[in-house]
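Notes follow the structure.
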Amino acid sequence: MLALAGEAVEQTPPQTYASGAAATHPGVMGESEGGGSACIASTIATSLDACRVEVPAWHASMDRWLVFSDLHVKVSSMDVCEEVLRRVNAEAAARNAGVIFLGDLWHIRGSLSVELLNRVMGAFSEWTQPVVMIPGNHDQVSLGGAIHALEPLQYAFSRPDQMVLLSEPSVCLDALWLPYRRETETISPLLLEAGQWAEDGRLGAMFCHADVKGALMNDNQRSRRGLDIASFPAHIPIYSGHFHKPHNVTHKATSLRYVVCGC
Ligand SMILES: [Mn+2]
């Protein structure tokens, strides 16, 4: 695993998830997309077993991943964002790594600029590496988070199975993936179980877009809301998007790393 923002961090790769992983078309892996208009609250699985998703064999074959997050594409940063997207793929390709994006690709919630969408799609069309993405709160439109603006990006890549989009809490690639959720109590049971799984060696890493109490929101303000760091699993690497200051939030043997891309 690599974290961007200049300081590439070598990390234990997610072990491959081997159960006959089959490539499926554009990889919408989080099943319950909500379907229809009643998407205010998303249905959330209450056990990790129910969160298992299959990923394309291509993704399962990768043993290195580069992590970046919080691009927050907007008009004033589009040129830089384009450069970042070029660079991320180049760095991943140079390391034969896949790319993990931890949410908040877009800055403005609820509407997409045609120009920005086209330029982002154009940038992703050049990518050569497999990708896994989870949505952040800026990408999400519905309160439950099931409707979000990463959907069209699945069609940007040159390979139809290139992007695995995890819209719901998911278990794959030996890791737990948690998109942003406003209602933190809905994911607490999953975190509790994840602690046990990590202890049993059934979980190798965790990726999320989360508000954690005590995390640095900027240089001098700590979050007073969100999940308790003590509720996260211990002894496994945990990476999160959301706050833009790269830092670790720790409690005993639990450590969560906020990653960012820097623009
Ligand atoms: Mn966020």
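What the table below lists for this structure:
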quantity	calculated
Karplus 3J(HN,Hα) series, Hz, for the range 124-137 with 6.51 cos²θ - 1.76 cosθ + 1.60 (x for Gly, Pro)	5, 5, 8, 5, 10, 9, x, 10, 10, 10, 10, x, x, 5
Volume per residue of the C-alpha convex hull in the range 91-141, rounded to whole Å³	77 Å³
Ranked Thr128, Thr254, criterion: other C-beta atoms within 10 Å, fewest first	Thr128, Thr254
Gain on full stretching of the segment that runs from Glu151 to Asp63 - 0.36 nm per residue minus C-alpha separation	29.1 nm
Share antiparallel - DSSP beta bridges, the range 186-263, percent rounded to 5	45 percent
Karplus (6.51, -1.76, 1.60) ³J(HN,Hα), θ = phi - 60°, over the range 95-104, in Hz, Gly and Pro reported as x	9, 6, 10, x, 10, 10, 10, 9, x, 6
Under 5 Å, built H, 5+ apart or other chain: amide partners of Val99	Leu66, Val131, Val132
Karplus (6.51, -1.76, 1.60) ³J(HN,Hα), θ = phi - 60°, over the range 73-85, in Hz, Gly and Pro reported as x	4, 8, 4, 5, 10, 4, 4, 5, 4, 4, 5, 4, 5
Efficiency of FRET between Arg159 and Ile108 - r from beta-carbon atoms, R0 25 angstrom, step 0.05	0.30
Zone residues, the range 150-180, relative to Thr128, backbone N less than 18 Å from point 7 Å out along Cα-to-Cβ	157-163
Label-to-label distance, nm, for residues given as Lys74 and Ala90 (7 Å Cα→Cβ offset)	2.7 nm
Proportion of all alpha-carbon pairs of the range 83-227 beyond 22 Å (%)	46 percent
Built amide H within the under 5 Å cut-off of Tyr239, gap 5+	Met206, Phe207, Cys208, Arg257
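Every number in this text was worked out from the coordinates using simple rules, so none of it is lab data. Small disclaimer: the values here were computed from a predicted structure and weren't measured. All Cβ positions, even for glycine, are placed from backbone atoms using ideal geometry, and neighbour counts span all protein chains on display.
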